[in-house]
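The values are calculated or read from the model by the stated rules, or taken from the named source; none is laboratory data. Please read all numbers here as calculations on a predicted model, not as lab measurements. All Cβ positions, even for glycine, are placed from backbone atoms using ideal geometry, and neighbour counts span all protein chains on display. Areas reflect the complete protein model, heavy atoms only, side chains present, ligands, DNA and RNA absent. Shrake-Rupley method; radii C 1.70, N 1.55, O 1.52, S 1.80 Å.
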Amino acid sequence: MRLFDHLKPFAISLSALLAVTGGAAASETSYYSGKPWEVVLYVPDAQNERPYCAFRTSLWETRSISIEKMIGAGDEVAIALRIRKDAWQLPANQTTTVAADTVLGMVEVPMKSIGKQEIYSGVPTVPVLLYNAVIGAMLDSVLAARQPQPLPIKFSGNEPLWTVPALDRFQAFEMNDAFKRCALDLRGLQSKTEQDGSSQEVTSPFGAASPAGQPPAHPSVSSQLPAARSDWEFYTRDEDWGPTCFAQTHRGIVMVGFMGSPGKDDLVGFVSSLFSGDTRATWHVDDKPAYVSDGGESDYFGWNEFGQLPMELLDQASEGKELAVTGAKGERVAVSLAGAAEAISKFNACFNK
């Protein structure tokens with residue numbers, strides 16, 4: 001399937017948390033470090049370069065494949081492909097095509113040499129959504145929930161086929177979550193850059209017909225301040241035991257949430273990247289009654305799961321300001337409940353089917 005062929009729409013789930021601030025020098029923040037892939041947020045030192053989240057190979061020392069998400073003007077998201085090999089001696093500005101077998105079939109991406117050792121798809125002149133679909137199909141294949149796929153990259157010249165081996169299901173889950181968090185941090189970094197910019201163009205939501213400082217002639221009765229963005233998300237997945245509902249958020253690298261299967265009585269809380277092994281934890285919202293639960297590490301997900309949690313905890317979370325989880329050894333994470341009501345409402349509807 002060529003880049004300019006008709007593509008069926010598909011979605012890549014991208015969301016995240018963790019505030020990041022840029023420094024004076026180029027830097028990388030790691031969100032997942034493993035093999036054969038890693039996730040990093042790259043913040044350049046040059047003002048004319050854009051930061052990006054890179055989903056890139058860590059399998060080889062002298063070559064790499066990087067799928068990169070960036071945010072352009074107007075908050076438009078673009079996905080680019082970067083491929084590098086130290087032994088290459090590429091002619092300047094020469095174009096080529098690489099192909100990959102993905103969930104959309106075989107896709108082809110036009111690329112251009114941007115140095116002796118590197119080719120890059122760039123921000124395209126064709127519609128960005130079309131590029132996103134093609135390159136994003138590679139990511140979808142690698143992170144496929146039911147069966148993650150290997151990623152073979154075929155070159156137009158005499159460069160041999162590169163094949164990145166498949167992740168296992170848990171790795172795919174972790175990396176998808178890491179890329180979500182990186183993507184949200186990228187958007188937060190973009191917002192901070194816009195707020196800190198001293199030479200920003202003065203813009204206005206009003207047309208030339210609206211005199212400066214004057215309200216609209218006929219204000220809408222529905223005009224309100226936009227609701228605060230929620231860092232909580234709801235989603236469902238088909239797991240080995242059947243459909244499962246999730247509501248979750250992040251604080252740094254720590255993820256906190258609830259899960260349960262429709263029609264079953266067990267509400268399970270989970271916490272990742274905080275506890276080690278079996279532990280007892282206290283869950284409480286603001287000054288409400290606390291609930292103690294014994295938990296252990298999940299062989300399936302890898303995080304710590306806590307049963308014996310009452311539905312009242314969800315009711316408190318819907319109306320509260322902060323949820324804290326404290327372990328027996330003093331480990332503690334506190335997450336904001338701002339905007340959690342919507343995600344928890346959807347979770348309740350799913351869980352109580």
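Observations
- Excluding ligands, DNA and RNA, the accessible surface per residue across region 243-316 is 43 Å² with a 1.4 Å probe.
- Additional length obtainable on full extension of the chain from K35 to L90, 0.36 nm per residue less Cα span: 17.0 nm
- Applying 0.36 nm per residue to the separation of D286 and N352 and subtracting their alpha-carbon distance, the gain on full extension is 21.2 nm.
- Area of E76 that stays accessible when all protein chains are in place (1.4 Å probe, Å², to 10): 100 Å²
- Note: relative contact order over region 241-353, using C-alpha pairs below 8 Å and six or more positions apart, is 26 percent.
- The label-point distance for R146 and A341, in a model that sets each label 7 Å from Cα toward Cβ, rounds to 3.8 nm.
- Computed with a 1.4 Å probe over protein heavy atoms only, the accessible area of E108 comes to about 50 Å².
- Listed residues V103, V333 arranged by accessible area, highest first, probe 1.4 Å: V103, V333
- Here the label points at S273 and E159, each 7 Å from Cα along the C-beta direction, are separated by 3.1 nm in the simple model.
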